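Read the structure below first, then the notes.
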Amino acid sequence: MKILIVEDEKRLADALVQIFTKNRMIAEASYNGSDGLDNALSGIYDVIVLDIMLPGMNGIEVLGELRKEGIKTPVILLTAKDEIADKVKGLDSGADDYLTKPFATEELLARVRALGRRSASELICDDTLSFSDLSLDLSTYTLSCGSNSVKLGLKEFSIMEILLRGGSRVLTKENLLVKIWGYESDAEYNNVEVYISFLRKKLGYIKSGVQIKTLRGVGYSLETK
Ligand code: CA
């Protein structure tokens, strides 16, 4: 899962990025409303954590613009205790959930997971994603086929998760690159190819009938042999 945090308190934003990363999600932070909006408009995130009180463009305005542009990414608004009116306005303008500061990180994680699950409702059963004979345990990074299983590294796991959520839909290399490495990274298509080859070896190792098909010049999809 890929999370965008829009929060001008840099220390809080960076702490949240760390917490999400520790919990096997990919997280990025924007420190003001207009940067947050630019990033969110890419549509590559699964959940957006959006602070209401931001310098310049506030969270409600960011949310309004996003929904106006047709971006339906689930949004959790962060509100301060005395912002009840904003909370109502936020829910009216298309927020999916809100959390009052200060909050317990466990609470935020639980809500982000719930929204992420809702946005990827297909194929998901508890904390497992499956496709044909394959299943991926989202809490242990384990990819299984029958009684065979193998642990995945973080990047392998993230790519497999995206492939499984996509099923037989084609995923472009560009989309994978941006989702896994982010816009700012120097990673290139090569990196994607390297991890795809690792995953192919692991699929062979667990004797799965699923393979990662390459569509030359386009990207990848899962296919049953
Ligand atoms: Ca703030």
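Bear in mind these aren't lab numbers, they're just calculated from the coordinates by the rules spelled out. Computed from a predicted model, the values in this text were never measured in an experiment. With ideal geometry, Cβ positions are generated from the backbone for all residues, glycine too; neighbour counts draw on all protein chains shown.
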Overall Cα dimensions of the range 1-81, principal axis frame, Å, largest first: 33, 26, 21
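Please state the charge dipole magnitude for the chain, taken about the Cα centre, from unit charges on C-beta atoms (+1 on K and R, -1 on D and E), reported in debye and rounded to the nearest 20.
Numbers: 29 positive and 33 negative charges, 232 e Å.
Using only the charged Cβ atoms, the result is roughly 1120 debye.
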Proxy reagent accessibility, fewest Cβ within 10 Å first, across Arg165, Arg24: Arg24, Arg165
Cut-off under 5 Å, modelled amide H: who pairs with Thr100 long-range: Thr79
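Would you order Arg200, Arg113 from fewest to most other beta-carbon atoms within 10 Å of each residue's own beta-carbon? Show your work: numbers first, answer last.
On the way: Arg200 13, Arg113 16.
Fewest to most other Cβ atoms nearby, the residues stand as Arg200, Arg113.
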Other-chain or far-sequence residues with amide H under 5 Å of Val6's (modelled H): Ser30, Val49, Leu50, Asp51
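Could you calculate the FRET efficiency of Glu107 with Asn32 from 1/(1 + (r/R0)^6), where r is the beta carbon distance between them and R0 is 22 Å, rounded to 0.05? Walk me through the numbers before you get to the answer.
Numbers: r = 25 Å, r/R0 = 1.13.
That gives a FRET efficiency of 0.30.
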Ascending count of other beta-carbon atoms within 10 Å, so fewest first, for Leu215, Leu134, Leu99: Leu215, Leu99, Leu134
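How much length, in nm to one decimal, is gained on full extension between Glu188 and Ala80, taken as 0.36 nm per residue of separation minus their Cα-Cα distance?
Values: separation 108, 0.36 × 108 = 38.88 nm, distance 4.07 nm.
Answer, rounded to one decimal: 34.8 nm.
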Two-decimal log10 I(q)/I(0) for the chain, as the Debye equation yields it once each C-alpha is a single scatterer, q = 0.09, 0.10 Å⁻¹: -0.39, -0.48
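In Å³ and rounded to a whole number, note down the convex hull volume per residue for the Cα atoms of the range 9-133.
113
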